[in-house]
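Trainee: One structure follows; several queries about it will come next.
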């Protein structure tokens, strides 16, 4: 493995490979990247009275269940069952029920990360897409 990607750290045991070094303390990392377990969606859990229902499908798996998203001020704030949809007849699995929360979730990565000796660093999309893969990785 190239030394720019991973290194062997003394005192970690024979053959131990250190993949990344934390650049921030653990609490700062959790605050910045999560997990945020008790996340409240944009607009809170309160019922929004002036929502628009948008019929779409859940994209979490290949079944593509029908769902009606509740949109308030151009943000998804909830969902309603789409009972006329023939595949799921308004029912959703536990993943589908929470899927709408992902767009605004604070743990969602919005920029690419590159592994360095110092840990992970944010880079621009052009740099990430045009960079070469380290030795040992394939596209």
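Trainee: For the range 48-136, give me every one of the strands (runs of 3 or more DSSP E) that falls completely inside it and has 1 or more residues that are assigned by TED's automatic domain parsing to the domain that holds residue 32, without any contact (Cβ under 8 Å) to a residue 60 or more places away in the chain and in contact with a helix residue (DSSP H, G or I) (Cβ under 8 Å, 6 or more places away or on another chain). Spell out how you get there, then give the answer.
Mentor: Working: elements: 52-57, 66-72, 75-81, 113-116, 119-122.
Because the criterion is at least 1 residues that are assigned by TED's automatic domain parsing to the domain that holds residue 32, without any contact (Cβ under 8 Å) to a residue 60 or more places away in the chain and in contact with a helix residue (DSSP H, G or I) (Cβ under 8 Å, 6 or more places away or on another chain), the strands (runs of 3 or more DSSP E) in the range 48-136 that meet it are 113-116.
Trainee: Is it the case, given these coordinates, that residue 123 is touching a strand residue (DSSP E or B) at 6+ places or on another chain (Cβ under 7 Å), farther than 30 Å from residue 55 by Cβ, surrounded by 14 or more Cβ atoms within 10 Å (Cβ to Cβ) and at pLDDT 80 or above? Even if it seems obvious, please write down each step before you answer.
Mentor: Working: touching a strand residue (DSSP E or B) at 6+ places or on another chain (Cβ under 7 Å): yes; farther than 30 Å from residue 55 by Cβ: yes; surrounded by 14 or more Cβ atoms within 10 Å (Cβ to Cβ): yes; at pLDDT 80 or above: yes.
Yes, satisfied.
The values are calculated or read from the model by the stated rules, or taken from the named source; none is laboratory data. Everything numeric in this text was worked out from a predicted model, so none of it was measured. Note: ideal-geometry Cβ built from the backbone for every residue, glycine included; neighbour counts use all protein chains shown.
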